[in-house]
1. Select from segment B:526-557 the residues that are open to solvent by 10 Å² or more (accessible area, probe 1.4 Å), away from the ligand (no atom under 13 Å from the Cβ) and of a type outside the set (Val, Ile, Thr) and list them in ascending order.
2. One residue is enough: does segment B:321-335 have a residue meeting the conditions of a type outside the set (A, V, I, L, M) and more than 26 Å from B:Leu430 (Cβ to Cβ)?
3. I'd like the residue in segment B:341-364 that is more than 24 Å from the chain's Cα centre (by Cα) and assigned to a loop (DSSP other than H, G, I, E, B) and, out of all such residues, is surrounded by the fewest Cβ atoms within 10 Å (Cβ to Cβ).
4. Take the conditions in contact (Cβ under 8 Å) with a residue 12 or more places away in the chain, surrounded by fewer than 17 Cβ atoms within 10 Å (Cβ to Cβ) and closer than 28 Å to B:Glu185 by Cα and apply them to B:Ala454. Does it pass?
5. Here is a list of conditions, (1) under 12 Å from B:Leu350 (Cβ atoms); (2) within 7 Å of another protein chain (Cβ to nearest Cβ); (3) crowded, with 18+ Cβ neighbours inside 10 Å, and A:Asp146 meets all of them except one; can you say which number that is?
6. State yes or no: is B:Phe58 in a loop (DSSP other than H, G, I, E, B), away from the ligand (no atom under 16 Å from the Cβ) and farther than 22 Å from A:Ala33 by Cβ?
7. Quick check on segment B:21-31: of everything there that is surrounded by 24 or more Cβ atoms within 10 Å (Cβ to Cβ) and touching a helix residue (DSSP H, G or I) at 6+ places or on another chain (Cβ under 8 Å), which residue is nearest to the other protein chains (Cβ to nearest Cβ)?
8. When you go through B:Ser78, B:Ser113 one by one, which is the residue that is surrounded by 20 or more Cβ atoms within 10 Å (Cβ to Cβ) and within 7 Å of the ligand (Cβ to nearest atom)?
Amino acid sequence: MKWIAAAAFGSPAMAQAMAGHAGHMAMAAPADASNAVPPPPSYTPFPAPRHAALDQLVDIIIPADETPGAKQAGVTGFIEMMYQHWMDDAERQRCDAELDLVMAAFKTGDPAANLRDGGRFRAPTLRKLTIYGYYTSEVGASEELDLNLVPGAYDACAVIGRNDRAPSLNTWGISLSLTPSGAA
Amino acid sequence: MDADVIVVGSGISGGWAAKELTERGFSVLLLERGRNVVAGTDYTTEHLAPFQLPYRGFGDRQRYARDYKVQSKVAGLSDAIDHWFVNDTQNPYQTSPEAEFAWIRGYHLGGRSITWGRASFRLAPLNFAEAGQDGHGIPWPIGYDDLAPWYAHVERFIGVNGDRDGIPSLPDGEFMPPHGMNCVEEHMRDAVAQKMNGRRIINERSAVLTRQLGDRLPCHYCGPCIRGCSTGSYFSSESSTLPAAQATGRLKVMTDVVVDSLVYDPSGRRVTAVRVIDAKTRKRSTLGAKVVFLNASTLGSTQILLNSIDAGSGRSFANRSDALGRYLMDHVMGPFGIGTIPGFGDRQPLGNRPSGIYIPRFQNVATRDRPFARGYGYQGSASRQMWTRGADGEDIGAGLKHRLRQPGPWQIFIGGMGECMPYADNRVTLAKDTDPWGRPQLDVAFTWHANELAMAKDMAAEAQAMLHAAGATDFAVGDTLGPGGLAIHEMGTARMGADPAKAVLNAHNQCHDAANVFVTDGACMTASAAQNPSLTYMALTARAASFAADQMKQGVL
Ligand SMILES: Cc1cc2nc3c(=O)[nH]c(=O)nc-3n(C[C@H](O)[C@H](O)[C@H](O)COP(=O)(O)OP(=O)(O)OC[C@H]3O[C@@H](n4cnc5c(N)ncnc54)[C@H](O)[C@@H]3O)c2cc1C
């Protein structure tokens with residue numbers, strides 16, 4: 001199932017009924033600007049070498065196969081935007097340090113091995129941001145996984161096959177915390 | 001006279017006052033301090049995908065840190081819904097770290113009827129009978145039988161889905177068919193009933209339509225109701241009560257009008273006018289009506305009453321009892337249990353159900369069997385883990401991508417919600433500082449006492465026992481309580497009671513000290529019970545409106 005746009009509904013009858021419903025409470029005033037959805041904030045990309053390294057890293061974390069990967073999904077820009085507008089200073093420092101480490105690993109003969117420390121991946125914050133950025137992008141949410149914004153029906157226990165993709169949304173919304181696991 | 005009745009506040013209770021009074025033939029002027037909201041048109045985030053939101057739904061965190069310090073304590077405040085919550089910097093109040101209270105508010109037409117979680121339960125005969133009988137609080141001036149017909153009236157109009165479960169601590173109502181449990185919830189229901197003496201797990205009762213009701217359509221299962229619903233499928237003032245009041249031709253709505261206080265006439269012992277402030281120009285004026293209904297939310301209504309000074313005594317006209325502002329309650333919420341349920345890998349819910357399961361109170365029902373008074377219930381649900389579980393691993397590359405393609409293991413979550421006792425020192429008063437409209441700010445002091453803390457421990461222990469019974473692995477439980485207010489069920493501060501020396505309101509939500517003032521939001525609550533309270537506010541409002549209408553018809557008011 002592909003992404004169903006906001007204006008598309010489960011059945012024609014429902015779409016019609018919904019159209020008839022809009023504005024059914026005639027409070028006779030225009031929509032208020034406080035409800036308007038702002039565009040994503042503009043941001044300054046990282047300096048070229050760091051931007052290129054981040055591009056390479058997100059592509060390693062979630063590569064393209066039959067669907068596009070994190071790089072094609074614009075995850076690099078998402079992380080740069082979050083860095084500038086969302087993170088606190090400690091989180092920015094953590095991202096900086098992880099990216100330094102990643103750039104150093106890329107310069108070695110065996111980047112894959114040098115991105116790991118035993119079983120541990122050495123850039124966990126950037127890994128988490130890549131996952132959150134990818135599966136909330138249009139590609140990740142609707143091509144890689146299943147996005148159905150207006151299902152129109154509920155089946156509490158549908159049978160799914162091995163090749164069915166997981167839904168990318170839940171009922172409550174998804175929140176993000178960059179607090180390292182194990183920290184208070 | 002600007003109308004027969006002035007209703008202050010257009011949220012869950014105010015919408016009901018407006019509907020019931022206009023339908024009984026009276027003109028109503030509804031005053032709302034917030035902006036207008038047009039149903040449908042103003043639900044601008046309703047079906048947006050994460051990538052259509054500025055922060056993908058993760059919220060404008062830096063703005064929240066600056067201007068939404070209190071509101072951002074609500075789990076999940078995000079760029080999809082932050083326009084339904086007040087800016088704390090622009091709407092200040094006082095509270096201290098030792099007695100912190102988080103006041104969660106929405107100032108706009110419809111109030112928190114847009115953002116509420118829709119869980120709708122009746123109070124039980126037991127809840128009315130216990131109050132004042134076990135050393136906590138005072139007795140209710142009404143019993144379950146007084147409210148039962150009004151619960152039915154409200155349920156039929158708002159549309160509540162659920163089962164008739166026949167449970168003494170949670171009376172049945174007028175229900176549409178429930179959305180239904182998923183297989184893991186059914187598994188837990190059966191395991192808990194079998195291993196724990198028939199303990200019940202039921203479908204949550206929720207004010208969301210599963211059948212068409214008038215021109216409101218059944219749920220389309222998009223999931224995040226809190227963004228607003230253009231099909232009017234869940235109860236809000238916009239979907240339900242305001243259109244009904246509007247249809248009578250007797251409703252006038254004024255938005256962007258802050259009610260400051262009531263003008264009291266001591267000789268007639270009644271209120272003669274309402275002082276208002278234009279929210280934008282700050283211009284002050286007065287409006288008149290025969291009767292005033294205060295529905296500005298628990299603390300909003302009490303703030304208005306505290307600020308309504310009787311010139312003779314120099315204090316609020318409504319406070320002969322000294323109960324005004326005291327006995328603030330919020331539900332005991334925070335303790336939880338979560339666990340993984342093995343199996344059921346070939347099953348996946350399709351569509352996003354806007355409700356879950358409920359575990360009604362099983363403590364202190366037939367006999368006092370716990371080291372604390374009264375009791376609690378749980379809300380919860382089972383679902384499959386999503387792609388977010390990927391963040392916990394160390395894997396990268398094709399393996400990670402393929403792992404997250406499939407839904408993860410099933411998890412079940414239950415969170416407790418328990419009764420809070422009324423304490424005189426959990427209290428709101430007027431502060432010296434004023435707000436941007438020149439009104440005295442509220443000062444709110446709230447702490448949990450021993451009964452609530454003991455209840456919280458028990459909630460966590462019982463959650464663990466039930467998850468264990470269901471065969472959960474990797475379970476985690478919590479028993480800590482945050483600041484008061486975060487259950488967003490603040491109530492009390494102008495309680496009902498038969499004795500004017502101990503209570504602000506009588507059995508009809510009428511001020512003991514002014515017959516033409518009614519308070520029918522959460523401020524009136526004598527005891528909190530453990531059930532989500534808004535259905536009770538609606539039933540009390542409808543009942544009080546019917547009484548006020550009769551009194552006006554008889555010329556008493
Ligand atoms: C996220 C969330 C989930 C919730 N879940 C549930 C649930 O599942 N079940 C449940 O029972 N309850 C739930 N609640 C609580 C429920 O929303 C409230 O109990 C209910 O809205 C209270 O109704 P009310 O009419 O008293 O106040 P509100 O709905 O808050 O309305 C008050 C109105 O008065 C206006 N106002 C305030 N002061 C003034 C003034 N001075 N002058 C003019 N107007 C004024 C406000 O702007 C507002 O519009 C939830 C709340 C939230 C936020």
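1. Residues satisfying the conditions are B:Arg543, B:Ser546, B:Phe547, B:Asp550, B:Gln551, B:Met552, B:Lys553, B:Gln554, B:Gly555, B:Leu557.
2. Scanning segment B:321-335, I find at least one residue that is of a type outside the set (A, V, I, L, M) and more than 26 Å from B:Leu430 (Cβ to Cβ), so the answer is yes.
3. Looking at residues that are more than 24 Å from the chain's Cα centre (by Cα) and assigned to a loop (DSSP other than H, G, I, E, B), I get B:Pro342.
4. When the stated conditions are applied, B:Ala454 passes them.
5. Failing condition for A:Asp146: (2).
6. yes
7. Out of the qualifying residues, it is B:Leu30.
8. B:Ser113
The values are calculated or read from the model by the stated rules, or taken from the named source; none is laboratory data. It should be emphasised that the depicted structure is a prediction, and the values quoted were computed from it without experimental measurement. Reconstructed Cβ throughout: ideal geometry from the backbone, glycine too, with neighbour counts over all protein chains shown. Side chains are part of the model used for accessible areas, which takes the heavy atoms of the whole protein and leaves out ligands, DNA and RNA. Shrake-Rupley method; radii C 1.70, N 1.55, O 1.52, S 1.80 Å.
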